[in-house]
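S.K.: Structure in structure tokens, see below.
The values are calculated or read from the model by the stated rules, or taken from the named source; none is laboratory data. Every value quoted in this text rests on a predicted model; they were computed, and no experiment measured them. Here the Cβ positions follow ideal geometry from the backbone for every residue, glycine too, while neighbour counts run over all protein chains shown.
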There are 2 protein chains.
Amino acid sequence: MTTEPASARGTLSREKVVRAAVEMADESGGKVPSTRKLAERLGVQAMALYHHFRNKDALLDGMVDFVFAEIEFPAEGVEWKSAMRDRAQSMREALIRHPWATGLMDSRANAGVATLRHHDAVIGCLRSQGFTVAGAAHAFSLLDAYIYGFVLQELALPFESPGDLEAVAGPILEQAAMEGFPHLAELAVEHALKPGYAYADEFWIGLDLILDGLERHRTTWT
Amino acid sequence: MTTEPASARGTLSREKVVRAAVEMADESGGKVPSTRKLAERLGVQAMALYHHFRNKDALLDGMVDFVFAEIEFPAEGVEWKSAMRDRAQSMREALIRHPWATGLMDSRANAGVATLRHHDAVIGCLRSQGFTVAGAAHAFSLLDAYIYGFVLQELALPFESPGDLEAVAGPILEQAAMEGFPHLAELAVEHALKPGYAYADEFWIGLDLILDGLERHRTTWT
DNA sequence: GCCGGTACTTTACACTGTACAGATTTCCTG
DNA sequence: CAGGAAATCTGTACAGTGTAAAGTACCGGC
């Protein structure tokens, strides 16, 4: 009496598991799936996953590296400013497309090969265009911190489209909650609530300021 | 036979719970305590917490606001550049002192009063020194993203002191893992592994670049 | 003295990651 | 080809999580 579900053999692999986990996390809007749900989607029992990953953290490492593999990185010859702009945009898009990724990256020290390749390419691009070793380190640290931090702010916003902003901020402003915070109120009324405002625009403003500053130090930085 | 633990009445309060939760999170090195552990420390049963917080998320909101209450914010008169430097340092210290806080801030849209007061003071300082409304918004977004992002990178590092760096990076470099990443290797050998290097220094380099850029746009930014 | 609300306890449930012990299929070696 | 070893997946189990629901002791006000 050989029951047919006996052999699910060969259905699993590191890559397939990671891909399924990423899909499910994307669908569920930011929550990493549980081992059981993930196993179910793969047509397998929960414990089967542990033959491909030491523990769940290893799976999460794989998921983070999967995201990094989607980020475009510059070739060495490309003009550095536009290269940095492109990779910033690409990184931002990837982190927004996979909103669970940012939350995983803290406390995750084990960089995968996609992550390393990406970092290497960025630094290579900077080095090939006059940045000193130290300068490239400074630039990378600064750019990465900014991009990462900005996306986190962006993801934490409680609204999706600029239209939603008014719906969210309006009541707050009217409530007494805003009393005692005059500058916040001013900023909201005269800036953030103006038609046409989108927080996303702030990304390019800050990035351009940083790139201009980097240009200024490019060849001289120690 | 009135058993004495019958009345733990009056032992709890929103503030006391938050304070204990923060303490426990700090002690455990970054993990938010479970409701049961937290209750135990407070000499109370787990469900007692739910009379003071709608759910655990509300507790986490309180913890985040507690951290913001520790961050120094500038008075309006103070010279803006040094004020921003001070608040950046203070924010960075607080986030490092409570390493669990960064992880909580994403997906946490409900700002508490300490958070609002802090933001208001920063924007007020900028506004009082020639920044336009839009300029203050740009500056705030940029500075906050950078500080936040930098601290996240810093906390993700797998070592604590500069001395540990060599111990961690050395083996990695020697291993074949580094093959194929020449620029990363160069950066490590010629910069990050040099004696006297500390990643923390990068914070001020990036911050000064940003502040210089802000100075340049201060009065003219739209 | 009673009485309603407040503050806490008790019990219970669904869900989590994963340790441990099989069962079965595949592959390598003699 | 035989047979043992290894790889892969299953079954069961356990400790831990957040929290819903109902119960119980205490309090201040009529």
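S.K.: Given the residues B:76, B:40, which is the only one that is away from DNA strand D (no atom under 12 Å from the Cβ) and of a type in the set (Asp, Glu)?
M.R.: B:76
S.K.: Could I ask something else about it? Every residue in region B:7-23 that is within 11 Å of DNA strand D (Cβ to nearest atom) and hydrophobic (A, V, I, L, M, F, W, C), please.
M.R.: B:8, B:21
S.K.: Can you name the number of the only condition in (1) away from DNA strand C (no atom under 16 Å from the Cβ); (2) closer than 15 Å to residue A:118 by Cβ that residue A:97 fails?
M.R.: (2)
S.K.: Out of everything in region A:129-165 that is aromatic (Phe, Trp, Tyr) and not in a helix (DSSP H, G or I), what residue ends up being modelled with the highest pLDDT?
M.R.: Restricting to residues being aromatic (Phe, Trp, Tyr) and not in a helix (DSSP H, G or I), the top hit is A:131.
S.K.: Looking at region A:65-103 only, could you name the residues that are within 9 Å of the chain's Cα centre (by Cα) and of a type in the set (A, V, I, L, M, F, W, C)?
M.R.: A:67, A:68, A:91, A:94, A:95, A:96, A:100, A:101
S.K.: Of all residues in region B:20-32 being within 16 Å of DNA strand C (Cβ to nearest atom) and not in a helix (DSSP H, G or I), which is surrounded by the fewest Cβ atoms within 10 Å (Cβ to Cβ)?
M.R.: Within region B:20-32, the match that is surrounded by the fewest Cβ atoms within 10 Å (Cβ to Cβ) is B:31.
S.K.: Do you know which residues across region A:45-65 are within 9 Å of DNA strand C (Cβ to nearest atom) and buried (at least 20 other Cβ atoms within 10 Å of the Cβ)?
M.R.: Hits for region A:45-65 are A:49, A:59.
S.K.: Another question, then. Take residue B:111 and decide whether it is closer than 27 Å to residue A:182 by Cβ and in a helix (DSSP H, G or I).
M.R.: So residue B:111 does not fit the description; no.
S.K.: I need a count of the residues in region A:112-133 that are aliphatic (A, V, I, L, M), surrounded by fewer than 19 Cβ atoms within 10 Å (Cβ to Cβ) and in contact (Cβ under 8 Å) with a residue 24 or more places away in the chain.
M.R.: The number of residues fulfilling the criteria is 2.
S.K.: Among the residues of region A:33-44, which ones are near DNA strand C (Cβ under 9 Å from one of its atoms) and either in a helix (DSSP H, G or I) or out of contact with any helix residue (DSSP H, G or I) (no Cβ under 6 Å at 6 or more places or on another chain) (or both)?
M.R.: A:34, A:35, A:36, A:37, A:38, A:39
S.K.: Name the pairs: first residue in region A:44-69 and charged (D, E, K, R), second residue outside any helix (DSSP H, G or I), Cβ to Cβ under 6 Å, at least 6 apart or on different chains?
M.R.: A:61/A:110; A:65/A:112
S.K.: Ok, one more. Could you tell me whether any residue of region B:195-205 is at pLDDT below 95, assigned to a helix (DSSP H, G or I) and within 24 Å of residue A:113 (Cβ to Cβ)?
M.R.: Checked region B:195-205: at least one residue is at pLDDT below 95, assigned to a helix (DSSP H, G or I) and within 24 Å of residue A:113 (Cβ to Cβ).
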